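Worksheet for the structure shown next.
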Amino acid sequence: MPVGRLLGVDHTPEAAVARLRTLLTAVRTALAAGVAVSRAIHAEHDWSPTADRHLFLQLVRREAMERLKPWGADLDDPHSELPLGQQLDLFDAATDNLGLPMSGLIVGTPREVLRIWHSDDGELPAADTDGLRAFYRQAPSRQTQLTLGGGDLPPVRDHLALLWAYSRTPDRDGELVRLDLVRPAGHVGRRVEVDWHLDLLSRLAAAA
């Protein structure tokens, strides 16, 4: 029996998308809006988006975070192992400080922790920090396990990553060209082991 079903949660990609469809659609909309805002700001100031790609992505994240506030979106610090809900405690929340300039966003549900990262190549960040290694450390969904006398153990939330990218070609400039949902399953050194990797753009478009 798969671990996810054993613990009362199905960790297959189909089940994850079904549970998170509304949130994933909101993330897609927020990221598209963020890209549009960043492009507009660059056009207003006649800035080249390629001259400072960090700034372009910061502006995308800034707008996306505002749109995802109803979902409790927080700053994602890949160096931190703090549980969701304490991420912004590292910074001055009174000034709405976004903290580390190149970190992504993190959103939680009762069953999942979703980290949102920009990724041109569709690869997860290397397991270079304690926080990332802790995030990647979970059993594959296909693994079997027996639980004997488990008692009232707290449920373990599934760790998922959403990887996104946008086009910089003239014919599709600013269009989202990647929205992948990935479930990590451990790491070997810096290399991340992937349980499954799903293209969401086609799935969400087909369901629209």
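The values are calculated or read from the model by the stated rules, or taken from the named source; none is laboratory data. Remember, it's a predicted structure, so these values are computed and weren't measured experimentally. Note: ideal-geometry Cβ built from the backbone for every residue, glycine included; neighbour counts use all protein chains shown.
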Considering every residue within region 150-166, establish whether at least one is among the charged types (D, E, K, R), within 25 Å of L23 (Cβ to Cβ), loosely packed, with under 14 Cβ neighbours inside 10 Å and modelled with pLDDT under 90. no
Quick check on this structure: which one of P101, P110, P83, P70 is at pLDDT 60 or above and not in a helix (DSSP H, G or I)? P110
Taking the stated definitions as given, is L75 closer than 18 Å to W117 by Cα, modelled with pLDDT of 95 or more and either touching a strand residue (DSSP E or B) at 6+ places or on another chain (Cβ under 8 Å) or among the polar types (S, T, N, Q) (or both)? no
Of everything in region 38-67 that's acidic (D, E), part of a helix (DSSP H, G or I) and out of contact with any helix residue (DSSP H, G or I) (no Cβ under 7 Å at 6 or more places or on another chain), which residue is farthest from D120 (Cα to Cα)? E44
Got at least one residue in region 135-147 being within 19 Å of L31 (Cα to Cα) and either modelled with pLDDT of 90 or more or of a type in the set (A, V, I, L, M) (or both)? no
Does A185 fit the bill of being under 16 Å from the mean Cα position of the chain (by Cα), under 16 Å from E112 (Cβ atoms) and crowded, with 21+ Cβ neighbours inside 10 Å? no
